[in-house]
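Have a look at the structure below, then the notes.
The values are calculated or read from the model by the stated rules, or taken from the named source; none is laboratory data. What you see is a predicted model; the values in this text were computed from it and never measured. So basically every Cβ, Gly included, is an ideal-geometry build from the backbone, and we count neighbours across all protein chains shown. Areas reflect the complete protein model, heavy atoms only, side chains present, ligands, DNA and RNA absent. Shrake-Rupley method; radii C 1.70, N 1.55, O 1.52, S 1.80 Å.
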Amino acid sequence: MLPQEFIRVKRDGLKHTRESMVEFFGKYLSGEVADYQVSAWLMAAFLKGLDEEETYWLTSCIINSGQTVSLDDIDGIKVDKHSSGGVGDKVSLAIVPLLASVGLVVSKMSGRGLGHTGGTIDKLESVPGLRTEVSIEEFKEILKKVGAAIVAQSNALAPLDKQLYSLRDVTSTVESLPLIASSIMSKKLAVGSDLISLDVKVGNGAFIKTPEDAKRLSQIMVSLGKQNGRRVVAHVTDMNEPLGSAVGNTLEVIEAIEFLKGNVQNRFGRLVMELYEHTIHALHYDAPKVEQLIATGRPLEKFADMVAAQGGDPRVVDDYSIMPMAPHRVDLLAPATGYLEYVDTTAVGLAVVELGGGRKRKEDSIDHGVGIILHKEGGSKVEEGEPLATIYYRDENSLMAAKNRLNAAFRVSSTPIPERPLIWSVLE
Ligand code: URA
């Protein structure tokens with residue numbers, strides 16, 4: 001089938017066959033199908049959807065585009081974790097070392113920034129020297145030695161996801177349940193963990209805006225897990241405001257390290273704690289509470305060990321100045337007295353993209369040092385003129401664009417804002 005015929009099937013809302021999907025994506029990987037043709041297909045799939053079978057076939061195409069990694073020769077219980085993407089979501093950076101520090105083996109394949117959301121891989125690469133594209137052998141060596149690794153899709157692991165992901169990022173085709181489900185689950189199913197813990201974000205800063213869609217996405221991913229004989233627990237968690245105070249690569253690494261030092265008690269810290277408890281509970285595993293664990297210093301050590309094993313400079317845990325940092329800062333002040341509401345959390349993520357912290361085109365490199373520190377959580381009482389946020393920027397043009405975005409993100413309300421839960425529901 002010609003690529004244009006394959007694209008037409010989806011454009012017209014018809015169903016693909018398994019064979020045609022295998023052929024189209026196989027040809028894409030070998031260079032016979034062009035990026036622009038896949039971009040057109042992604043838009044067609046975004047608009048017309050993929051049914052359950054097509055989603056399963058796409059997931060299989062992505063898994064089979066690379067090798068799969070059996071972890072059977074590594075002792076211990078293997079856990080994987082993934083988020084569907086949010087603003088300021090640095091949970092993986094904290095929970096991976098936390099879980100590894102109690103003896104679990106945490107094998108995580110992550111992505112780069114997508115749309116308005118930052119990616120764990122981009123964040124980690126703020127650490128000088130740190131490599132996220134490692135061979136399968138090295139990935140397993142790190143897991144055996146440290147018990148934790150966070151690596152990127154690569155030519156060896158889910159290479160098709162790497163290519164689709166970077167096209168979706170710049171063609172407005174991210175927010176599709178089957179495309180998200182196949183992208184996330186292919187990365188999780190390519191690596192043989194015992195438990196896949198998913199954080200499905202919902203709200204005005206997530207790709208998924210409604211609890212119904214978040215539940216549907218969770219169901220698709222849990223069912224992809226079951227079809228492949230794997231256990232998946234999906235947590236639908238709130239993304240109606242940025243998670244924690246830092247948004248931007250270096251800044252988020254710092255906040256995650258501060259959490260591991262016991263210095264962060266905000267919504268980000270509380271979500272890490274809850275997800276840790278849920279994972280331990282799901283595994284019936286005997287492990288201390290987060291506060292006790294952090295007091296031992298072991299999670300911080302585990303983070304430093306993981307960084308070192310991936311070629312990064314472990315001194316980062318004591319010296320943040322070795323990471324890139326933007327040269328200029330400016331405060332954004334509260335326009336009135338009242339209660340702070342994040343009416344458009346996506347705008348905070350896009351402000352960081354405007355600053356250079358995310359990509360506008362797939363070949364763009366990113367600026368790890370820019371970002372935003374938010375001084376108030378949603379619902380906080382604020383006084384007119386007090387700083388709501390500090391913007392870390394490199395040049396005036398990007399600052400202007402970021403400020404315009406940020407102004408649309410907040411509202412100061414005269415009435416209190418109702419509290420929202422951190423975790424809306426859990427599906428298994
Ligand atoms: N994370 C992924 O890996 N893929 C998506 O599509 C969204 C979030």
Residue ID - nearest to the chain's Cα centre (by Cα), chosen from residues in the range 97-112 that are polar (S, T, N, Q) and part of a strand (DSSP E or B): SER110
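Could we say that ASN240 is among the polar types (S, T, N, Q), touching a residue at least 12 places away in the same chain (Cβ under 8 Å) and more than 23 Å from VAL22 (Cα to Cα) here?
Numbers: among the polar types (S, T, N, Q): yes; touching a residue at least 12 places away in the same chain (Cβ under 8 Å): yes; more than 23 Å from VAL22 (Cα to Cα): yes.
The answer is yes for ASN240.
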Residue within the range 186-199 that is among the acidic types (Asp, Glu), in contact with a strand residue (DSSP E or B) (Cβ under 8 Å, 6 or more places away or on another chain) and in contact (Cβ under 8 Å) with a residue 12 or more places away in the chain present: yes
Conditions (1) more than 24 Å from the chain's Cα centre (by Cα); (2) crowded, with 20+ Cβ neighbours inside 10 Å; number of the one not met by THR296: (2)
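Which of the helices (runs of 4 or more DSSP H) found entirely inside the range 278-385 contain at least 1 residues meeting this: free of Cβ contacts under 8 Å to residues at least 40 places away in the same chain and assigned by TED's automatic domain parsing to the domain that holds VAL96?
Filter on the range 278-385 gives 290-296, 298-309.
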The range 109-136 residues that are on the phi > 0 side of the Ramachandran plot, paired with ones that are part of a helix (DSSP H, G or I) and of a type in the set (D, E, K, R) (beta carbon under 7 Å, 6 or more apart): GLY115/ASP169
Condition met for ILE150 (within 16 Å of the ligand (Cβ to nearest atom), outside any helix (DSSP H, G or I) and in contact (Cβ under 8 Å) with a residue 24 or more places away in the chain): yes
Residue check, GLU274 at pLDDT 95 or above, in contact with a strand residue (DSSP E or B) (Cβ under 7 Å, 6 or more places away or on another chain), open to solvent by less than 20 Å² (accessible area, probe 1.4 Å) and charged (D, E, K, R): no
Criterion: β-branched (Val, Ile, Thr) and closer than 29 Å to THR210 by Cβ - qualifying residue of VAL272, VAL253, VAL264: VAL272
Subset of the range 178-211 (residues that are in a loop (DSSP other than H, G, I, E, B) and closer than 17 Å to LEU42 by Cβ): PHE207
Qualifying positions in the range 117-140 - in a loop (DSSP other than H, G, I, E, B) and open to solvent by 20 Å² or more (accessible area, probe 1.4 Å): GLY118, GLU125, PRO128, GLY129, ARG131, GLU133, SER135
Residue in the range 81-102 that is closer than 24 Å to LYS226 by Cα, within 16 Å of the ligand (Cβ to nearest atom), at pLDDT 95 or above and acidic (Asp, Glu) present: no
